[in-house]
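All remarks here apply to the structure that follows.
Nothing in this text is a laboratory measurement; each read-out follows from the coordinates by a stated rule. The shown structure was predicted, so the numbers you read here are calculated from the model rather than taken from an experiment. Cβ sites come from the backbone with ideal geometry, for glycine too, and all protein chains shown count toward neighbours.
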Amino acid sequence: MKMQPWTILALSLALGLAAPAFADDTLDRGVGSEWSSLDPQVNFDAAAGWIQSDAYEGLVTYDGTGKVIPGAAEKWDITPDGLTYTFHLRAGLKWSNGDPLVGQDFVNGVYRTLNPDTASEKGYYFYSVIQVKGAKEISDGTSKDIATLGVTAPDPQTVVMQLLAPAPNMLELMGAFQVAPLHSPSFDKYGAAVFIDPAHVVSNGAYIIQEVVPQSHVLLARNPNYWDAANVKIPFVRYLVTEDVSTELKRYQAGEIDITYDIPLNQIEALKKSIPEEVKISPSTEVIYYSFNLTHEALKNIDLRRALSLAIDRETLEGKIVKGEAIPDYSYAGGFDADYKGPQIAEATMTQAAREALAKDLYAKAGYGPDNPLKLNIVSTVSEDATRRAQGVALMWKKVLGVVAVNEPMERKAWLDAFYAGGWDVFSDDLVGDFAGPETFLSYQRPSAEPGYNWVKPEYDAAMDVAAKIADLPARYEALAKAEKILLDDYIFAPISIVPNRHLVKPTVHGWAASAAGYNNSQFLTLD
Amino acid sequence: MLRFVGRRLWEGTLTLAALVTLTFFVMRLAPGGPFSKNRKISPEVLEHIKAAFHLDEPVWQQFARYVWGLLHFDFGPSTRFRDYSVGDLIASGLPYSLTIGFWAIVVAAMVGVALGIAGALRRNTPTDYVAGILGVVGIAVPIFVIGPLFQVVFALKLNWLPVGGSDQGWRSLVMPVLVLSLPNIAYISRLTRGSMIETMRENYVRTARAKGIGARRTLMKHTLKGALLPVIAYLGPSTAGIITGSILIETVFAVPGIGRHFVDAALNRDYPLVMGITLLYGALLIVFNILTDLVRGWLDPRARGNG
């Protein structure tokens, strides 16, 4: 009797010895913790965005390297003033159920994103990041009429988008995950529940959703009605939830996952030695910067803010303390798009010794010293790299200047609210760009009074207004660089680093490329 | 008997009502809300989103709405997982947690009791020492150490079992069940051993032996029945805990159960999901306590009268 459980266990283990071979027709991709939504007009997070990019195709899409390529639209025309985009759909496009895919489906998708009833947070793409005619009015509920929206389908093969201001980066925003079409018949019949219902969901991407288990996985299968189905090589893609990065690494090592969501910080060095070809680390569109609270008397002094920025040895901080492969950064909006030649803070070209000497000088000039040290708190999230970084910065400030700084880690939601509550001296800040360009970062600070930095700078707003009217990208970048110079010169924050995308990719997966915006659609990958 | 159960259920309902009220208001004291973002969402849009989840109403009204929903078995929508209601999430996660919890309890009870009896019968022999050491190790080594260790040995080195997930049937269950049962095996074996030794000294056991009943029969029919009382008392509440899923087990083994939702929901200020899981946990705890008392009453006549 008492041996029974052990007997069962022993039997189980013995039977288990013959482990089933993993089917190699399925690409297993890690998505970290749970995706937040599979509703294409609601989803806002990047991990779910990968699933969406496989299941839905926008007018344009991204190739493996993050470059915009034609999607559902095979070509488009842009008027010289940069205000009207006319997309021409491919002939014979179909939804996964065989229904014809028409221009109006894209109009409906944009309308539903903006419709207050959808309660979607990402409508701001259409009224803030780019300004689509009529988008604001629909999003704030002043208009309910789809005809007032500047997105129209004059015929089934055409989609026209009218903008209020030129936006040369608009195509970057039109990738699948932001602007999916809506299959109205299935949505009208089943409501938003249709997007997680494999029996009824209708999509237009390279894959269709076949199985959804919350907290576990989403299984996708090739969509035979996709226009380029012949070139989609991998039959199945499974997105696997693994909240714990260490477990994800082990699942990768055991062959359960082909592409990981992340790499544990303390394993990066070892993995770079043992499997260097499989470690894929490349810059993302997320910048980390330490904001100074301009309502605090001491920090109103720009020399003091500059001293604090100078005292941070960014190379040592990211390379020896945080060790998460973040790239030391001396600008705010630069470093993402090679075509943007933005300004950098002066520290960029100084030696660390020179930086520290100047920092000490400015610190003393501001009236602080060993008997009268500056006292600061640094509010950060509780994530491992954020706390390591904050402690590292505090240490450098202590060592170079004698500043007494303490890290106050908070869980994420409290950290977000803490920013507006203002109980911080230094805020460990970060911003993720919607695409790999300077635009989203700089427009986030505009108008200067709004984002909560208590920085009022009419010159900056004026410079941004100039840039906003330019349709030609190189000229616009030049104007944006002038605006960024005004921003950086005031040291309202110290730029620290650019966060990397970190993945492990099995040697059996081909076609993986570094993509700053994080798009690596499965349709462009192959599997041995 | 029926009156006893009825009274306990009524008390349980009152406890749950207090739990709901307290959780509802205390949760809202934490800084941050479900829609805190570092994005410039226009205030109108944010209002629309809050209105969709009735977060724009005064708190007492939200509370009334929530209680009204509960009375209709509606736990509300999840704010973090927009595609699901709290009911959907629990329905999807609970079977995983229940399966692992159930087997963990079965393994823990059987192995634990067996080890305990072996230890008690062969006191101060190597068998006893081995059982004792196993017990101490099981209690002392935390799950987040044992779990990854098992993964390295059984999944990466021996390649017998998957590291995690839930897609390989019973093979996916083995490690989570074993790791979850370990500390419980330890507790149960220590409890059984102690209580066995004590019971063996009881008069009624000596009487049974004196009446000429065989050692084996005395053990099974008399000693064990008395000795298991404290084990049953321990199993009741811990079963509720184990079944609702060990948060750590589910995280380490990537099990899609409800335990993980608990932490995740609290961090994301998913108020309805926190409420739903707290309520479920509370209800299970109450039900298992009642069951424990019933079983104890059946095993021990002395416990019956005070019901």
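The table below gives the values:
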| read-out | value |
| --- | --- |
| Criterion violated by A:Gln267 - all others in (1) surrounded by fewer than 18 Cβ atoms within 10 Å (Cβ to Cβ); (2) closer than 30 Å to A:Gly437 by Cα satisfied | (2) |
| Residue selected from region B:157-173 under the condition loosely packed, with under 15 Cβ neighbours inside 10 Å and in a helix (DSSP H, G or I), by the criterion nearest to the other protein chains (Cβ to nearest Cβ) | B:Trp170 |
| Condition met for A:Gly402 (touching a residue at least 60 places away in the same chain (Cβ under 8 Å) and either over 19 Å from A:Thr285 (Cα atoms) or in contact with a Phe, Trp or Tyr (Cβ under 6 Å, 6 or more places away or on another chain) (or both)) | no |
| Checking A:Ser36 against (1) surrounded by fewer than 24 Cβ atoms within 10 Å (Cβ to Cβ); (2) within 30 Å of B:Thr251 (Cα to Cα); (3) more than 13 Å from chain B (Cβ to nearest Cβ), the condition it does not meet | (3) |
| Candidate set from region A:161-202 (those that are more than 23 Å from the chain's Cα centre (by Cα) and polar (S, T, N, Q)); member that is surrounded by the fewest Cβ atoms within 10 Å (Cβ to Cβ) | A:Ser184 |
| Selection within region A:444-467 - crowded, with 20+ Cβ neighbours inside 10 Å and among the small types (Gly, Ala, Ser) | A:Ser448, A:Ala463, A:Ala467 |
| Criterion violated by A:Ala254 - all others in (1) in contact with a Ser or Thr (Cβ under 9 Å, 6 or more places away or on another chain); (2) within 9 Å of another protein chain (Cβ to nearest Cβ); (3) surrounded by fewer than 23 Cβ atoms within 10 Å (Cβ to Cβ); (4) among the aliphatic types (A, V, I, L, M) satisfied | (1) |
| Boolean, A:Glu318 is crowded, with 23+ Cβ neighbours inside 10 Å and within 14 Å of another protein chain (Cβ to nearest Cβ) | no |
| Residue in region A:244-256 that is in contact with a helix residue (DSSP H, G or I) (Cβ under 7 Å, 6 or more places away or on another chain), part of a loop (DSSP other than H, G, I, E, B) and among the small types (Gly, Ala, Ser) present | yes |
| Residue selected from region B:79-137 under the condition within 15 Å of B:Val177 (Cα to Cα) and in contact with a Pro (Cβ under 7 Å, 6 or more places away or on another chain), by the criterion farthest from the other protein chains (Cβ to nearest Cβ) | B:Ile100 |
| Given (1) in a strand (DSSP E or B); (2) without any contact (Cβ under 8 Å) to a residue 40 or more places away in the chain; (3) within 12 Å of chain B (Cβ to nearest Cβ), number of the condition A:Phe427 does not satisfy | (2) |
| Test result for A:Ala471, over 24 Å from the mean Cα position of the chain (by Cα), touching a residue at least 60 places away in the same chain (Cβ under 8 Å), closer than 27 Å to A:Leu163 by Cβ and more than 14 Å from every other protein chain (Cβ to nearest Cβ) | yes |
| Verdict on B:Gly147 being part of a helix (DSSP H, G or I), away from chain A (no Cβ under 12 Å), crowded, with 20+ Cβ neighbours inside 10 Å and out of contact with any Phe, Trp or Tyr (no Cβ under 6 Å at 6 or more places or on another chain) | no |
| Residues located in region A:69-117, provided they are surrounded by 21 or more Cβ atoms within 10 Å (Cβ to Cβ), of a type outside the set (Gly, Ala, Ser) and in contact with a His (Cβ under 8 Å, 6 or more places away or on another chain) | A:Trp95, A:Asp105 |
| Filter pass, B:Ala30 being within 21 Å of the chain's Cα centre (by Cα), closer than 22 Å to B:Arg260 by Cα and either in contact (Cβ under 8 Å) with a residue 60 or more places away in the chain or surrounded by 13 or more Cβ atoms within 10 Å (Cβ to Cβ) (or both) | no |
